[in-house]
Amino acid sequence: MRKILLGAAALSTTMVLAACGDDGGAPKVQSAPASTSTTSSPTSSSSSESTTSSSSTTSSTTSSSSSTPVEYAVGDCFKGKSWEKVGCTEPHDREITAIVSNSEYSTDLIKRSALRNYTCLAEAGKYVGGPDYGSLFLGGPLPVANDPKSNERIVCTVQLQKADDSGIEQINYSAKDAIKKNGFHKYQLCTSTPPSKDGVKIAPCDGPHVAESTWGFLDGKFGDPYPGAKAQNLAAHKRCQPFGDRYLGAKRADVRPVQNSAPESGFKRGIPVIGCFVETADGSKVTKSMKGLGNKPLSSVK
């Protein structure tokens with residue numbers, strides 16, 4: 001089964017989301033402040049908490065640094081492993097997207113971790129003004145060790161992954177509404193291997209690549225059962241096809257809309273994501289954007 005497409009940066013840091021709990025109980029989410037002004041053109045990067053950690057012994061509630069603040073606010077920006085708070089027009093690599101009042105599964109570390117992941121993926125999309133998944137922005141929860149109140153709230157963060165998947169990009173503008181203001185294209189993912197197959201690798205969009213992201217989703221609500229690979233792939237492709245067709249501007253045989261979705265383990269970890277892409281049918285690489293390719297020859301973007 002296809003492996004979930006998360007960058008190395010996403011796997012090594014602590015950022016993913018956590019959504020609300022059960023039917024009905026909408027958690028209290030601290031609303032985001034008005035967006036701050038952009039002082040430089042954005043670059044790429046991404047983030048993710050222990051979104052891939054399936055285990056649960058990470059429940060220590062002691063602060064990892066004496067300088068770590070106990071209180072957080074939506075729109076706060078931080079840099080470095082010590083979580084130093086800085087102004088959002090200064091270089092930083094993490095930003096608070098939401099603070100959700102929620103104490104569900106506080107005695108079940110695995111479910112609590114999954115809930116935190118799911119919630120923060122969804123909050124990241126709303127905060128940056130784009131999809132829950134599919135861009136270089138990745139959301140995830142503040143590490144438990146940095147929040148003494150982690151059993152009663154979920155503090156969500158977002159990071160920007162570097163386009164070459166080498167780590168987290170420091171930015172000097174607020175991520176608030178970044179996709180809405182600057183466009184999805186600026187933050188899209190590209191891959192050097194087909195996302196429709198195993199072993200997907202993220203690559204810069206201005207270099208050789210075989211696929212470009214067009215959007216992404218969270219698959220269902222938190223706690224929904226895994227539908228099985230066949231049903232999931234069919235449903236995901238149906239959702240992604242229109243995005244691919246609009247992106248290309250025409251239906252083609254040599255470039256096709258595809259999807260990359262989470263396996264069953266992703267559902268268990270609270271990251272039931274679907275990434276939508278267009279990829280070259282023969283796996284050949286292009287060096288320019290395929291957006292708006294229409295009926296032009298593929299050689300025009302190689």
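Given the condition closer than 22 Å to LEU136 by Cα and part of a loop (DSSP other than H, G, I, E, B), answer yes or no: does some residue in the range 248-265 qualify?
Yes, that holds for at least one residue.
Show the residue pairs that are 6+ apart or on different chains and have beta-carbon atoms under 7 Å apart, the first residue being within the range 202-219 and in contact (Cβ under 8 Å) with a residue 40 or more places away in the chain and under 17 Å from GLY292 (Cα atoms), the second being among the β-branched types (Val, Ile, Thr) and open to solvent by 10 Å² or more (accessible area, probe 1.4 Å).
VAL210/THR193
Checking the conditions here, which among GLY216, GLY244 is touching a Ser or Thr at 6+ places or on another chain (Cβ under 8 Å), in a helix (DSSP H, G or I) and open to solvent by less than 30 Å² (accessible area, probe 1.4 Å)? Break it down stepwise before answering.
On the way: GLY216 fails: in a helix (DSSP H, G or I).
Sole residue among the options that is touching a Ser or Thr at 6+ places or on another chain (Cβ under 8 Å), in a helix (DSSP H, G or I) and open to solvent by less than 30 Å² (accessible area, probe 1.4 Å): GLY244.
What do you reckon, is PHE222 in contact (Cβ under 8 Å) with a residue 60 or more places away in the chain, part of a strand (DSSP E or B) and open to solvent by 20 Å² or more (accessible area, probe 1.4 Å)? Steps first, please.
On the way: in contact (Cβ under 8 Å) with a residue 60 or more places away in the chain: yes; part of a strand (DSSP E or B): no; open to solvent by 20 Å² or more (accessible area, probe 1.4 Å): yes.
Taking the combined requirement at face value, the residue does not satisfy it.
Name the pairs whose Cβ atoms lie under 8 Å apart, with the first residue in the range 259-273 and polar (S, T, N, Q), the second part of a helix (DSSP H, G or I) and open to solvent by 10 Å² or more (accessible area, probe 1.4 Å), and 6 or more positions between them or separate chains?
Cβ pairs passing all conditions: GLN259/ASN233; GLN259/HIS237; GLN259/ARG239; SER261/ASN233.
Take ASN172 and tell me if it is closer than 15 Å to ASP76 by Cα and either polar (S, T, N, Q) or open to solvent by 10 Å² or more (accessible area, probe 1.4 Å) (or both).
yes
The values are calculated or read from the model by the stated rules, or taken from the named source; none is laboratory data. The structure presented is a predicted model; accordingly, all values stated were derived computationally and were not measured. Note that we place each Cβ from the backbone using ideal geometry, even for glycine, and neighbour counts take in every protein chain shown. Each accessible area value is taken on the protein alone, full model and side chains, heavy atoms only, with ligands, DNA and RNA left out. Shrake-Rupley method; radii C 1.70, N 1.55, O 1.52, S 1.80 Å.
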